[in-house]
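The values are calculated or read from the model by the stated rules, or taken from the named source; none is laboratory data. These figures come from a predicted structure and were not determined experimentally. With ideal geometry, Cβ positions are generated from the backbone for all residues, glycine too; neighbour counts draw on all protein chains shown. To get the accessible areas, we keep the full protein, side chains included, count just its heavy atoms, and leave off ligands, DNA and RNA. Shrake-Rupley method; radii C 1.70, N 1.55, O 1.52, S 1.80 Å.
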Amino acid sequence: MTATDNIKFSDETLALVQKTIRRYPPGRQKSALLPVLHLAQAEFDGWLSAPVMDYVASLLDLQPIEVYEVASFYSMFNLQPVGRCLIEVCHTSSCWLLGADDIVKHLEQKLGIKKGQTTPDGKFTLKTVECLGSCGTAPMMMIGAQFHENLTLEKVDAIVGEWEGKGERSRYC
Amino acid sequence: MTLQFACGYDKKSETRQSMSKKILLKNDHIPGINTLEVYRKHGGYESLKKALSMAPDAIVEEVKKSGLRGRGGAGFPTGMKWSFLAKPEGVPRYLVCNADESEPGTFKDRYLMERIPHLLVEGMIVSSFALGANTSYIYIRGEYFYILRILEKAIDEAYAAGLLGKNILGSGFDHDCYVQIGAGAYICGEETALLESLEGKRGNPRLKPPFPAVKGLWDCPTVVNNVETIAAVVPIVEMGGDTYAGIGIGKSAGTKLISASGHINKPGVYEIELGVPVEEFIYSDEYCGGIRNGKELKAVVAGGSSVPILPKHLILKTAAGEPRLMSYESLGDGGFATGTMLGSGGFIVMDEDTSIVKNLYTFARFYHHESCGQCSPCREGTGWMERIIKKILDGKGTLADIDLLWDVQSKIEGKTICPLGEAAAWPVAAAIRHFRHEFEEYVTRPEGIREVRHYYRLNRLEPA
């Protein structure tokens, strides 16, 4: 009995996995690991649990450790549960120059949590991240794959308000 | 157009018309240019047609003649890099596009891919034909997921039109191009870390040699080029290497995309002909439009976070008093003592209110976060530097800490497998070199820290 028994991608996602593997020469399916981990995170509640990683390992014919070491290296992979809406605020130079600290402070007050934490109702996780390539439209934050740029506190309020009422989960893909 | 700033640049205005030259972004304003139909209507894929009628080596020769240098930051001659590619019998070769753009202050590749995705796709096919690569990958940073969709759409359109796949335009050349997504790691912009990541591993840079040109992706000969570099191959094939080499200034041939950000009136991506005076770039309405809120310029990081920061007097003029130009050579004039680098073209402008120490802290935190951890000097040194700067910033530092900081940075450079070590050390060294007084102020007058305006408060940014 393995922990992966009840974890399975939808048929649609499995087809995507197969399509991804075909991009590489035979025997190089390990190259599909990052794309497949993204699919796994999107499909299994926004984070990568050990059983989910084991499942990905079995799909790509890898040892589980090969998946763990990769998942723990890249900052977009969450190894802990996150809120339905993951807010990632850039705080590197250009965004800081134009007020990223104020955005973070405002969100902390508004959500009643510190950066790195999740609200008790599981709705929001607040995270600060390093430069997302949006320096010319600073300050910015990312929710799912969506860039929110040229932020003001009012804009932040509006975006958070929108997510308050949303049932779905923010996702990159 | 009149230039309103003092320092004598009005006399340059006569040559300005020829200086503002758009090659890559000449069509970026055209509605629908992201689609194949509109792109082709404006001359798209003509360069590919021409390339397919040439001998592959002749294309490499044109790129050599063009003087094109790697636009990702290192500035290595592209044609030379291509000519290093090993061609053993029966072994596939690969072209990999580095779209991992993560150097703080840099967002030009994102702009180019978002607006004109087919320019990159065409560049991938032309370059692959020149290199004899039947497969190529565009490795894009994970945070640019929405651009992955744009690129995939462009690639699908190209396949449907016979511009990708088997026997492209009847030439007998087969090529497949795929987009690979990253997952948040600056280090994957280093070419060997990128290849590791593309192989499904942690982004730990490889020891060189062997270089990717000999042993790259899956141990096969591989060329890794930046998005802008590959895009520039399209106009080079179109106009010929000699014509391209005539654009720009000296060994800084062609145009460069500059990502301008910070305290300027008009942040954004600008394509400049290399050689535009820095002062013109900052103050002219054609580019950055001057410092916002009528403030004074304090300092500039000219080529992405890893290049040395320069104070106003050294970014506008060289130590010898010559106007500083936006070129590899002029920005590098004076070495690191008084100069900097063009790097990736990530141009971050800071006004008089900016705390250089706090800005440096954001860089130090960045490099600490992004170090892959493989080499001790970088893994330990980046964290150590971050902690010292934080201590100074919090008003708990001593004068000896400033010397310690200098000492730590000096022991990272040249002692790591990849250049992330240097990238982390250089900004620290430059900040102390040019702004030591500011570090000292944090130490000697901690009570004054509250007075230091770290940043604009958002409510002051809002229009009245």
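Quick rundown of the values:
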| read-out | value |
| --- | --- |
| Close pairs from the range A:95-106: first touching a residue at least 24 places away in the same chain (Cβ under 8 Å) and more than 8 Å from chain B (Cβ to nearest Cβ), partner among the small types (G, A, S) and outside any helix (DSSP H, G or I), Cβ under 7 Å, at least 6 apart | A:C95/A:A138 |
| Within the range B:164-214, considering residues that are more than 8 Å from chain A (Cβ to nearest Cβ), in a loop (DSSP other than H, G, I, E, B) and in contact with a strand residue (DSSP E or B) (Cβ under 8 Å, 6 or more places away or on another chain), the one nearest to B:N98 (Cα to Cα) | B:P212 |
| Residue list for the range B:155-183, restricted to those being buried (at least 20 other Cβ atoms within 10 Å of the Cβ), over 24 Å from B:K87 (Cα atoms) and not aliphatic (A, V, I, L, M) | B:E157, B:Q180, B:G182 |
| Members of the range B:84-125 found to be farther than 28 Å from A:P139 by Cα and without any contact (Cβ under 8 Å) to a residue 40 or more places away in the chain, listed by number | B:E89, B:G90 |
| Some residue of the range A:14-33 being modelled with pLDDT of 95 or more and closer than 30 Å to A:T119 by Cα | no |
| Only listed residue being more than 14 Å from chain A (Cβ to nearest Cβ), closer than 25 Å to B:S102 by Cα and either free of Cβ contacts under 8 Å to residues at least 24 places away in the same chain or out of contact with any Cys (no Cβ under 8 Å at 6 or more places or on another chain) (or both), chosen from B:V300, B:V237, B:V233 | B:V233 |
| Selected residue (criterion: surrounded by the most Cβ atoms within 10 Å (Cβ to Cβ)) from residues of the range B:261-307 that are hydroxyl-bearing (S, T, Y) and in a strand (DSSP E or B) | B:S261 |
| Members of the range B:147-182 found to be among the polar types (S, T, N, Q) and either under 16 Å from B:H118 (Cβ atoms) or touching a residue at least 40 places away in the same chain (Cβ under 8 Å) (or both), listed by number | B:S171, B:Q180 |
| Test for A:G83: is it on the phi > 0 side of the Ramachandran plot and in contact with a Gly (Cβ under 9 Å, 6 or more places away or on another chain) | no |
| Cross-chain or 6+ apart pairs with Cβ under 8 Å, the range B:252-269 first and farther than 16 Å from B:S344 by Cβ, then surrounded by 23 or more Cβ atoms within 10 Å (Cβ to Cβ) and of a type in the set (K, R) | B:A253/B:R69 |
| Selection within the range B:362-396 - in a loop (DSSP other than H, G, I, E, B) and out of contact with any Leu (no Cβ under 9 Å at 6 or more places or on another chain) | B:G373, B:Q374, B:D394, B:G395, B:K396 |
| Any hit, the range B:420-432, residues being surrounded by fewer than 19 Cβ atoms within 10 Å (Cβ to Cβ) and either at pLDDT below 95 or assigned to a loop (DSSP other than H, G, I, E, B) (or both) | no |
| Selection within the range B:208-225 - of a type in the set (A, V, I, L, M) and within 21 Å of the chain's Cα centre (by Cα) | B:V223, B:V224 |
| Count of residues meeting criterion [in contact (Cβ under 8 Å) with a residue 60 or more places away in the chain and of a type in the set (S, T, Y)] in the range B:331-348 | 2 |
| Test for B:I138: is it open to solvent by 10 Å² or more (accessible area, probe 1.4 Å), within 14 Å of chain A (Cβ to nearest Cβ) and either among the aromatic types (F, W, Y) or within 30 Å of A:C90 (Cβ to Cβ) (or both) | no |
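Yes or no, residue by residue, for (1) open to solvent by 10 Å² or more (accessible area, probe 1.4 Å); (2) in a loop (DSSP other than H, G, I, E, B):
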site: B:G73; (1), (2): yes, yes
site: B:P92; (1), (2): yes, yes
site: B:L95; (1), (2): no, no
site: B:R110; (1), (2): yes, no
site: B:V121; (1), (2): no, no
site: B:I150; (1), (2): yes, no
site: B:K153; (1), (2): yes, no
